[in-house]
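Every read-out reported here was derived from the displayed coordinates using simple, explicitly stated rules and does not represent laboratory data. Just so it is clear, the structure is predicted and the values come from calculations on it, not from any experiment.
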Amino acid sequence: MTHRWAVLRRALSSPQLRRVELAFLGFGIAEYGVWVVVLVYAFRRGGTTGAGVIAAVQLVPSAVVAPLTARLIAARGAATTLCVSYITQATSLALTASLMLAGAPSTIVYVGAVAAASAVTLTRPAQAALLPALVQTPAQLTAANVVTGWVDNVTLLVGPAIASVMLVV
């Protein structure tokens, strides 16, 4: 247990790393939470087939965007790409939520969901490229990567849990 705390202290000793990991926590909660909400939304409108189709449709544009991320990171830098990713994600998620709440036609809501799924594709590679620039030692980089993995795993539970509570309310 002491080793885990040492890893956490090493990774979060830098204010920059703390901000990056905190932003990644918010990103993951939003990513996985919205995924659940969109699938429930699609299920309510089209059953299992509708949910399956929208799940697949969200992944196709993401597969197209993913290879372009490396070019964007090389051209603009990892920090800028990460900022653009978070801004695009927040905007597309807010748009999708607004469309759902406004009762927009489901096809339009799905376009927003696809945009959101494409936006989140930028985040992980940008963060992975940024971390080495924020650390002082290889041990700190290793610790930061471990904490990123922990955060990602926590958000797999927390994001859908929050989404589930919101859906019930």
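Over every Cα atom in the range 10-57, the radius of gyration and the widest Cα-Cα span, Dmax, amount to 16.5, 48 Å.
Report the residue, chosen from A63, A102, A119, that carries the largest GNM mean-square fluctuation when the chain is represented by alpha-carbon nodes joined by springs under 10 Å. For the chain, modelled as a Gaussian network with Cα springs under 10 Å, the answer is A102. The calculated 222 nm mean residue ellipticity attributable to helices in the chain amounts to -32500 deg cm²/dmol, summing -39500 (n - 2.57) over DSSP H runs of n ≥ 4 and dividing by all residues. From the alpha carbon centroid of the range 106-133 to that of the range 7-50 is 11 Å. Evaluated at q = 0.14 Å⁻¹, the base-10 log of the normalised Debye intensity for the range 108-169, with identical point scatterers placed on the Cα atoms, takes the values -0.61. Pairwise Cα distances in the chain exceed 23 Å for 44 percent of all pairs.
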